[in-house]
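Q: Dropping a structure here in structure tokens format, bear with me for questions.
The values are calculated or read from the model by the stated rules, or taken from the named source; none is laboratory data. Note that the structure is predicted; figures quoted are calculated from it, not measured. Heads up, the Cβs are rebuilt from the backbone with ideal geometry, glycines too, and the neighbour counts pull from every protein chain shown.
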Amino acid sequence: MSHPLICTERRILPRLLDTLFTLLAWIGFGWLVCQGLINVLQAQPDAGARPLALNVSTISMYLLIALINAMLLVLWARYNQRRFAVERRQRRDGLPDETLARLSGLPAERLQQMQVTRSMVVSHDADGSITELRAREAVLGFLDIPTLDTID
């Protein structure tokens, strides 16, 4: 099979939105942590130095646990990078177009149309059989192109 049936394309706008939301989430997380630390340190200002020392030791313990967790995460990532650096499994050959058409219940020419169409909506019934195929092209959003086929 020369073209995969399902492809996903990452465009610049979704990637920028993902980056922006991730950055906002980290900023929010950092703000919440700082606010929590400030509240803990200012909780009992008239109680003297002893509660402040207890708070500092508690905060130090949290930071130590966070550091250990971060180190474990980095070690696990490095281990997996080395472990999976070489693909040990063999990639299976794709199904021939005739077999794929027979298994999906579509005519071979319809399967070829699906392979050259950039984007397509495939509707299924409760049994998983294909009931409708609609091509979609992304020009400015999604513009519906008339239904290519309705399977009876």
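Conditions tested, residue by residue: (1) polar (S, T, N, Q); (2) more than 23 Å from the chain's Cα centre (by Cα); (3) modelled with pLDDT under 80; (4) under 30 Å from Arg11 (Cβ atoms).
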| position | (1), (2), (3), (4) |
| --- | --- |
| Asp93 | no, yes, no, no |
| Leu100 | no, yes, no, yes |
| Pro107 | no, yes, no, no |
| Ser119 | yes, no, yes, yes |
| Thr131 | yes, yes, no, yes |
| Ala138 | no, no, yes, yes |
| Leu143 | no, yes, yes, yes |
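Q: Which of the residues belonging to segment 71-104 are within 25 Å of Glu132 (Cβ to Cβ) and surrounded by fewer than 10 Cβ atoms within 10 Å (Cβ to Cβ)?
A: Within segment 71-104, Leu103 is the sole residue that qualifies.
Q: Please determine whether any residue of segment 5-20 is more than 30 Å from Gly128 (Cβ to Cβ), of a type in the set (Asp, Glu), modelled with pLDDT under 80 and not in a helix (DSSP H, G or I).
A: No, segment 5-20 contains no residue that is more than 30 Å from Gly128 (Cβ to Cβ), of a type in the set (Asp, Glu), modelled with pLDDT under 80 and not in a helix (DSSP H, G or I).
Q: Return the total of residues in segment 48-91 being modelled with pLDDT of 85 or more and in contact with a helix residue (DSSP H, G or I) (Cβ under 8 Å, 6 or more places away or on another chain).
A: Going through segment 48-91 one residue at a time, the tally reaches 0.
Q: Can you tell me which residue is modelled with the lowest pLDDT among those in segment 31-47 that are of a type outside the set (A, V, I, L, M, F, W, C) and assigned to a helix (DSSP H, G or I)?
A: Restricting to residues being of a type outside the set (A, V, I, L, M, F, W, C) and assigned to a helix (DSSP H, G or I), the top hit is Asn39.
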